[in-house]
Amino acid sequence: MSVPVLEVQDLTVEYVSDERAVRGADRVSFAIHSGEIFGLAGESGCGKSTIANSIMRLLKDPARITHGKILFEGQDVLGMDEAELRAWRWNNVAMVFQSAMNSLNPVTRIGEQFVDVIRTHRGGTRAAAVQRAEELLTMVRIDPARLRAYPHQLSGGQRQRIVIAMACALNPRLLILDEPTTALDVVVQQEILEQIRELQSELGFAILFITHDMSLMLELSDRIGIMYGGRIVELAPAPSLRHGSKHPYTQALLGAFPPLHGPKVKLTGLAEGTRFTNIKDLRQVGEGHWVAPTQAPVLTQGELP
Amino acid sequence: MTQNATDPQTLAASQPAEESGSARARVSATRLLRTLLRNGKAVAGLSILLAFIILALLAPALFPGDPSRITSAGASAPSMEHWLGTTSKGQDVLGLTLWGARSSLFVGFAAGILSTIVGVLVGLSGAYFGRGLDEVLSLVTNVFLLVPGLPLLVILAAFMPPGLGTVIVVLMITGWAGSARVMRSQAMSIRGKDYVAAALVSGERPLRIMVREMLPNMASVVMTTLLGCIIGSIGAQAGLEFLGLGDVNTISWGTNLFWATSDGSLMLGQWWIFVPSGLAIALVAFALALCNYAVDEITNPRLRRPKHATKSTAATTVVRKEEK
Amino acid sequence: MSFLLRRLGFYLLAFWASITLNFLLPRLMPGDPVTRMLSRSQQRLEPQQVEALRTLMGVDGGPIIPEYFGYLSRVLTGDFGMSISRFPTPVSEVIASQLPWTLLLGLTSLIFAVILGNLLGILAAWRRGGFLDSVAPPLLVFIGSFPYFWLAMGALYIFGINMGVAPMRHAFSVGLVPGFNLEFILDVAAHLVLPALTIVLVSLGGWMLGMRNTMIATNSEDYILMAEAKGLRPHRIMLNYAARNAMLPSVTSMGMSIGFIVGGALLTEVVFAYPGVGYQLLGAVQGLDYPLMQGMFLTITAAVLIANFLVDLVYVRLDPRVRKG
Ligand SMILES: Nc1ncnc2c1ncn2[C@@H]1O[C@H](COP(=O)(O)OP(=O)(O)O)[C@@H](O)[C@H]1O
Ligand SMILES: [Mg+2]
């Protein structure tokens, strides 16, 4: 088998404060292959963004990577120095942030923000960069004239498309989408997902897609990892997860969201106060299907730790 | 309801909301005080302040009698007899400085506290009642913020009958607006909180909601504003008195400096006459500023200085611990 | 544009409020201020001076409304009455001869303090916990705790009296004819150094800490993280992304600071006998020259309001969000 685009091995990220260290991600391993859409799902606070940001080494001070490896096409990301990292970022991996609404600089024109990333990495004239930016906007179906606009003059959906276009600017091999549609309404959400699928088939990048919304996840991803409390509890191809999830937490997640299409179903969830503790390493249970062995989940009566 | 299961944080957030605002604030106020005493800046600031207050209280015991009486020949440099020398009139500088602390601290604290009270009243009621009242109060506040303070102080002090009371009132008039603006924005954000809404629904009176529910939750902001107002008042009082607009018959750090200039001590090179009072003003203001930064740091941990120098664009640190 | 119009309206309102305060103040005070003033005044006043004061204070007891409109129209045409201490020079003439010096001192100090303070703040926030971030804030806060005029006295004592390297008083050397030539300009600059330096030193800490704190807040914004993810160079992120945004609150707070700087300039002038409005202020207070004090108050207020409007013009250039369309 060829080298995966991204390989994360036993990644542990800690947020260290004076009093204690919180594990944002705990011995997480997964791989993303060329052209694949890999989904990472789980409730908020389970460590999805921690993983996304640590891949690009973007986490800030109290956070540190204490264990594990991140390999990008076999190259050790954790060993790169600042300059290598700068050259690698966006060129090979681009990211659309959780709050893409606010990821554009509010005081400079959109065009300027395309130009600076293109020229930083590719050099070339300003005119050439502007031309490239116009192509990219056309690709996400936004009038290229809007390059002269400031972020506040655009709607949320437009801003999101622009950020996605910007992420495609250098033809990266991997695109990280951290809850790219959470702040948007349902209709726009669907348009954006459509857009992403279209771009992916055109440009062929791999995607790490993060959301807490299982129906979106199942719709878009090829393979899915389910996270809980910093750990991956189940890792499987989308179809086997949909029809044969093994971990109770996955089952609860799947039950908590209505499917996007099809008949109405009764929603179910995890009983209030249910907690999983001391999650074990994954075991293979089927073709590409891995699950953390479960003991009985701990039921803490309404009491929160 | 089942949606909640996927998001335990909304669950967790909904529970403490039952607690009333004031109960939570009482806990946070004592915690603030305790953390304050563990903060180096706060301890340093409070110690300096305490030292000055004690010296001011002890002034009548240390230098009994009228401190402005003439005790020696004019303008003698510091000596064993007069530790800080004497003024050109022959008054003991140390005595004047200690006695000066009394009126300077009193006026500074009184005016600072009054300005804060007015600021709290204006800010809270504007934020609470909103609409027309808020617009009017904000407008007045902004006008007062914009009008340059010192010239306004000067004309107010010039027209009002001279005396300590006038100085305090005048400092309050020029000082309240800054605190009102801070209070309003803080109160606005608290106004939107659940426990205020709950109190409103349960039919509590506006005054009670403002005083019992909102105010206690603004403790740290009130504290920083108060400290800022005191610093401002002490400085402004000194400026006013330096221009001869205070009560020249009371002894304060500002009037000491006024006499030092009008007697020409500066030009004659008699540094010991003007250094102590200015240094005292600076030390008190610095001590208050230290307390202020301590409160800021405690309530906004982001402002705390990290233990090691970090560049803000630094990539994530990788620390590989040997696994046991 | 509606932003600027609103601001303009607000400044006009503030100016109107100042004029009205000026009008009401002598009339609201208990007793007859003219008599009180005469009893405190050491020098003998000419009958004309007393008359001028009576008009100013409205002691004549005419109906207050027409008097008010008369006052308004006089102030708006620049007529502040006669100065008492420099009788019979009109107040406006006294102020006109001094205002330029205050503006020179105030503006020079403001510009230096703002630029230097913001730069220091940007650098301190950029390297958190570094040398600058550890040493400068406490030092500058300490210096900022001194009253303007006291630091001015200290500077004058050290550099003027002890070392003799700085001019002691006035804005230019005696005997020099004011004119637009190099000699005069250099002389004025030399006289400006110490007064401006004291003001800059006292106000620097506030600017630096303000900028540092907004920079720290800005650094955790999403667009900064995105800029890092884009692989931009650090100095570009610092200037075009972080500082460019953090500057905005700093510019907004300039409005209030202009008032402080002017206050500082007035007091510093007194120490250096710098021939600005502040130096005259001391004379006005001692000579109980109420018309002059009021005239100064209104002129300085007007200057501060105009300066604020200029700051707004700059702000509109810097923040596209307040621009229309
Ligand atoms: N700056 C931080 N300081 C301390 N702990 C943090 C910080 N950021 C995240 N965490 C911890 O890491 C966990 C995972 O956070 P995150 O990756 O943002 O979750 P998600 O993206 O899945 O919502 C959180 O539960 C939180 O406890
Ligand atoms: Mg997240």
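Each reported figure results from applying straightforward, stated rules to the coordinates on display, with no laboratory input. Everything quoted here is computed from the prediction, not taken from an experiment. Glycine also receives a Cβ, built like all others from the backbone with ideal geometry; neighbour counts cover every protein chain displayed.
Basic side chains Lys and Arg get +1 at the Cβ, acidic Asp and Glu get -1 at the Cβ, and with that the dipole of chain B about its Cα centre reaches some 1020 debye. The convex hull defined by the C-alpha atoms of chain C has an orientation-averaged projected area of 22.2 nm². If you take all other residues with their beta carbon under 15 Å from the beta carbon of B:Ser265, and give Lys and Arg +1 and Asp and Glu -1, the sum is -1. Each listed q (0.17 Å⁻¹) maps to a log10 I(q)/I(0) for region A:29-180 from the Debye sum over equal C-alpha point scatterers, namely -1.08. Note: relative contact order over chain A, using C-alpha pairs below 8 Å and six or more positions apart, is 21 percent. Taken over chain B, the percentage of Cα pairs per 10 Å bin, counting from 0 up to the bin with the maximum distance, is 5, 20, 24, 22, 15, 8, 4, 1, 0. Legend: Rg and Dmax of region C:61-121, from Cα coordinates, 18.7, 58 Å. Arranged from fewest to most other beta-carbon atoms within 10 Å of their beta carbon, A:Tyr150, A:Tyr15, C:Tyr290 become A:Tyr15, A:Tyr150, C:Tyr290. Seen from every direction in turn and averaged, the convex hull around the alpha carbons of region B:35-179 projects onto 13.0 nm². In this Cβ point-charge picture (+1 for Lys and Arg, -1 for Asp and Glu), the protein assembly as shown has a dipole of about 660 debye about its Cα centre.
Within the shell of other residues whose beta carbon sits under 15 angstrom from the beta carbon of B:Val295, the net charge comes to +4, with Lys and Arg scored +1 and Asp and Glu -1. Ranked by the mean number of other Cβ atoms within 10 Å of their residues, highest first, the peptides C:201-207, C:68-74, A:178-184 come out as C:201-207, A:178-184, C:68-74. Evaluated at q = 0.13, 0.15, 0.26 Å⁻¹, a Debye calculation over the C-alpha positions of region C:85-176 (equal weights, vacuum) places log10 I(q)/I(0) at -0.73, -0.88, -1.25.
Along the charge dipole of the protein assembly as shown, Cβ charges K/R +1 and D/E -1, which of A:Phe114, C:Ala166, B:Ala73 sits furthest on the positive end? Of the options given, the answer is A:Phe114. Listed by Cβ neighbour count within 10 Å, with the fewest neighbours leading, A:Thr211, A:Thr108, C:Thr89 appear as C:Thr89, A:Thr108, A:Thr211. Based on C-alpha pairs under 8 angstrom that are at least 6 apart in sequence, chain C has a relative contact order of 27 percent. In plain terms, the residue of B:Met267, A:Met166 with the fewest other Cβ atoms within 10 Å comes first and the most crowded comes last, giving B:Met267, A:Met166.
For the peptide C:312-321, the mean number of other protein chain Cβ atoms found within 10 angstrom of a residue's Cβ is 2.
Pairs from the table (A:Lys246/A:Lys280; A:Lys48/B:Lys311; A:Lys69/B:Lys311) lying more than 18 angstrom apart at Cα are A:Lys48/B:Lys311; A:Lys69/B:Lys311. Treating each Cα of the protein assembly as shown as one equal point scatterer and applying the Debye formula with no solvent, the log10 of I(q)/I(0) at q = 0.05, 0.10 Å⁻¹ comes out as -0.40, -1.21. The mean number of partner chain beta-carbon atoms within 10 angstrom of a residue's beta-carbon across peptide C:127-134 is 5.
Look at the dipole of chain A built from charges on Cβ: of A:Met101, A:Met214, A:Ile32, the Cα furthest out on the positive end belongs to A:Met101.
Equivalent ellipsoid of region A:93-171: semi-axes from √(5λ) of the C-alpha gyration tensor, largest first, are 18, 14, 12 Å. For B:Ile70, neighbours were defined as the other residues whose beta-carbon sits under 15 Å from its Cβ, and their charges (Lys and Arg +1, Asp and Glu -1) total -2. Which of the aspartates and glutamates could a cross-linker bridge to B:Lys193, judged by Cα under 17 Å and excluding same-chain residues fewer than eight apart? List returned: B:Glu18, B:Glu19, B:Glu204, B:Glu213. Computed on the Cα atoms alone, the convex hull of region C:207-305 gives a volume of 114 cubic angstrom per residue. Report summary: the helix-based calculation at 222 nm, which adds -39500 (n - 2.57) for every DSSP H run with n ≥ 4 and divides by the residues of chain A, gives -9500 deg cm²/dmol. Estimated from helices alone, the mean residue ellipticity of chain C at 222 nm is -24500 deg cm²/dmol (sum of -39500 (n - 2.57) over DSSP H runs with n ≥ 4, per residue).
Its Cα gyration tensor gives region B:106-191 an equivalent ellipsoid. The semi-axes, each the square root of 5 times an eigenvalue, are 26, 14, 9 Å from largest down. Each Cα pair under 8 Å and six or more residues apart adds its sequence gap; the mean of these over the residue count of chain B is a relative contact order of 26 percent.
Magnitude of the charge dipole for chain C, about its Cα centre and with charges confined to Cβ atoms of Lys, Arg (+1) and Asp, Glu (-1), is about 920 debye.
Shape analysis of region A:1-74 based on the Cα gyration tensor places the equivalent ellipsoid semi-axes at 24, 13, 10 Å, largest first.
With contributions of -39500 (n - 2.57) from each DSSP H run of at least four residues, the per-residue ellipticity at 222 nm computed over chain B stands at -22500 deg cm²/dmol. The value obtained for region A:132-200, namely the Cα convex hull volume divided by the number of residues, is 86 Å³ per residue.
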